[in-house]
Amino acid sequence: MYRTLKEAADFIKGRFGRVDVAVITGTGIDVDIKGEKIGELGYSDVPNMPLPSTKSHKGYFSCIKKNGLKIVLAYGRFHYYERYTMQEVVFLPRVLALTGAKLLILTNAAGGLNPMFKKGDLMVVKDHINMMGANPLKGDNIDELGEKFPDMSEPYNLAFIEKLKYSAIKERVELKEGVYVSVSGPSMETPAETRFYRLIGGDAIGMSTVPEVIALNHMGIKPIAVSIITNVNRPDCMEPAPIDSVIEAASKASGRLSRVLDRFFGEVL
């Protein structure tokens with residue numbers, strides 16, 4: 001497994017050079033960062049790289065240079081509800097970490113559990129609850145990546161979260177905080193499940209991100225994660241959340257997320 005990861009990472013470094021920061025985009029999210037364009041690279045061109053099959057996950061890398069940082073934007077991720085194993089789900093963040101990235105920013109489209117949230121809100125993830133029934137570290141350890149039992153007492157980079165919040169304030173963008181619940185999907189939550197996930201402390205729910213965070217912590221990297229709330233689950237008056245409406249809501253909020261990240265990269269990081 002390590003060999004296949006290294007081959008993919010070396011190929012990306014051969015095209016872009018050593019990477020400083022990487023951003024993985026979620027469903028419907030189109031992050032646009034202003035900077036010097038270095039180039040693009042399709043996932044299909046990278047050795048051993050899976051290909052996303054979920055709608056709106058385009059499957060390519062874009063590399064820019066900003067404020068002395070080489071930033072790779074990964075448009076598309078892999079989900080456990082697709083045909084992929086958990087090892088394949090976390091292939092992308094592991095490869096990006098092996099390109100040299102010391103900070104990874106994960107984004108996702110999520111359903112709101114917190115009744116104070118509204119459609120289009122941005123939420124920085126301060127902690128998570130893994131309800132997927134799977135863990136990417138199960139099985140034989142990849143010793144080259146890290147120790148078998150990584151500490152998860154601080155899974156997200158709290159220092160960078162504070163800096164991201166500062167960037168949001170400067171951009172006059174409201175950035176909420178909360179706990180992200182990860183489920184396997186692809187079916188949406190029932191009203192009873194929604195009550196349960198809220199009862200155990202969840203503020204938003206989705207079908208990604210947590211395996212990636214676990215894999216990165218295994219490698220000694222604490223990421224940042226930001227959710228775009230695409231719908232709010234109210235168990236007493238549940239409304240359908242078709243994928244097209246999720247994509248539309250995430251797309252509309254992408255501009256505000258891009259502004260926050262653009263300032264974060266340009267002034268704070």
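The values are calculated or read from the model by the stated rules, or taken from the named source; none is laboratory data. Being a predicted model, the structure only gives us computed values, none of them experimental. All Cβ positions, even for glycine, are placed from backbone atoms using ideal geometry, and neighbour counts span all protein chains on display.
Among the residues of segment 147-164, what is the count of those that are farther than 17 Å from Glu177 by Cα, touching a residue at least 60 places away in the same chain (Cβ under 8 Å) and either in contact with a Leu (Cβ under 9 Å, 6 or more places away or on another chain) or aliphatic (A, V, I, L, M) (or both)?
Going through segment 147-164 one residue at a time, the tally reaches 2.
Does Gly35 satisfy the criteria of being over 20 Å from the mean Cα position of the chain (by Cα) and farther than 30 Å from Asn141 by Cβ?
yes
Can we say Asn217 is modelled with pLDDT under 95 and of a type in the set (S, T, N, Q)?
Judged against the criteria, Asn217 is not a match.
Taking interchain pairs and intrachain pairs at least six residues apart, which have beta carbon atoms under 9 angstrom, with the first residue in segment 110-129 and farther than 14 Å from Ile228 by Cβ and the second part of a strand (DSSP E or B) and among the polar types (S, T, N, Q)?
Every condition considered, the pairs that remain are His128/Ser182; Ile129/Ser182.
Given the conditions (1) surrounded by 13 or more Cβ atoms within 10 Å (Cβ to Cβ); (2) more than 19 Å from Ala225 (Cβ to Cβ); (3) among the charged types (D, E, K, R), report the number of the one that Asp203 does not fulfil.
Asp203 satisfies every listed condition except (2).
Restricting to segment 106-131, give me the number of residues that are of a type in the set (A, V, I, L, M, F, W, C) and buried (at least 24 other Cβ atoms within 10 Å of the Cβ).
Summing the residues that are of a type in the set (A, V, I, L, M, F, W, C) and buried (at least 24 other Cβ atoms within 10 Å of the Cβ) in segment 106-131 gives 6.
Within segment 222-230, is even one residue among the aliphatic types (A, V, I, L, M), over 23 Å from Val95 (Cβ atoms), touching a residue at least 24 places away in the same chain (Cβ under 8 Å) and buried (at least 24 other Cβ atoms within 10 Å of the Cβ)?
yes
Contact list please: Cβ distance under 7 Å, first residue in segment 52-80 and in contact (Cβ under 8 Å) with a residue 12 or more places away in the chain, second residue polar (S, T, N, Q) and assigned to a loop (DSSP other than H, G, I, E, B), pairs at least six apart or on different chains.
Hits for this filter: Thr54/Thr27; Ser56/Thr27; His57/Thr27; Arg77/Ser208; His79/Thr54; His79/Ser208; Tyr80/Ser184.
List the number of the failed condition for Val19; all other conditions in (1) within 15 Å of the chain's Cα centre (by Cα); (2) in contact (Cβ under 8 Å) with a residue 60 or more places away in the chain; (3) buried (at least 19 other Cβ atoms within 10 Å of the Cβ); (4) not in a strand (DSSP E or B) hold.
(1)
If you scan segment 45-64, which residues turn out to be over 25 Å from Pro242 (Cβ atoms) and touching a Gly at 6+ places or on another chain (Cβ under 7 Å)?
Answer for segment 45-64, where residues must be over 25 Å from Pro242 (Cβ atoms) and touching a Gly at 6+ places or on another chain (Cβ under 7 Å): Tyr60, Cys63, Ile64.
Does Leu96 fit the bill of being over 30 Å from Glu193 (Cβ atoms) and of a type outside the set (Val, Ile, Thr)?
yes
Could you grab me the full set of residues in segment 135-153 that are over 20 Å from Leu5 (Cα atoms) and surrounded by 12 or more Cβ atoms within 10 Å (Cβ to Cβ)?
Met152
Take Val246 and tell me if it is among the β-branched types (Val, Ile, Thr), assigned to a helix (DSSP H, G or I), modelled with pLDDT of 95 or more and buried (at least 19 other Cβ atoms within 10 Å of the Cβ).
no
Scan segment 185-224 for residues that are within 15 Å of Ala97 (Cβ to Cβ) and assigned to a strand (DSSP E or B) and jot them down.
Ile224
With respect to Ile161, determine if the residue is of a type in the set (Val, Ile, Thr), farther than 23 Å from His79 by Cα and out of contact with any strand residue (DSSP E or B) (no Cβ under 7 Å at 6 or more places or on another chain).
Answer is no for this residue.
One residue is enough: does segment 160-177 have a residue meeting the conditions part of a loop (DSSP other than H, G, I, E, B), within 16 Å of Leu106 (Cβ to Cβ) and at pLDDT 95 or above?
For segment 160-177, residues part of a loop (DSSP other than H, G, I, E, B), within 16 Å of Leu106 (Cβ to Cβ) and at pLDDT 95 or above: absent.
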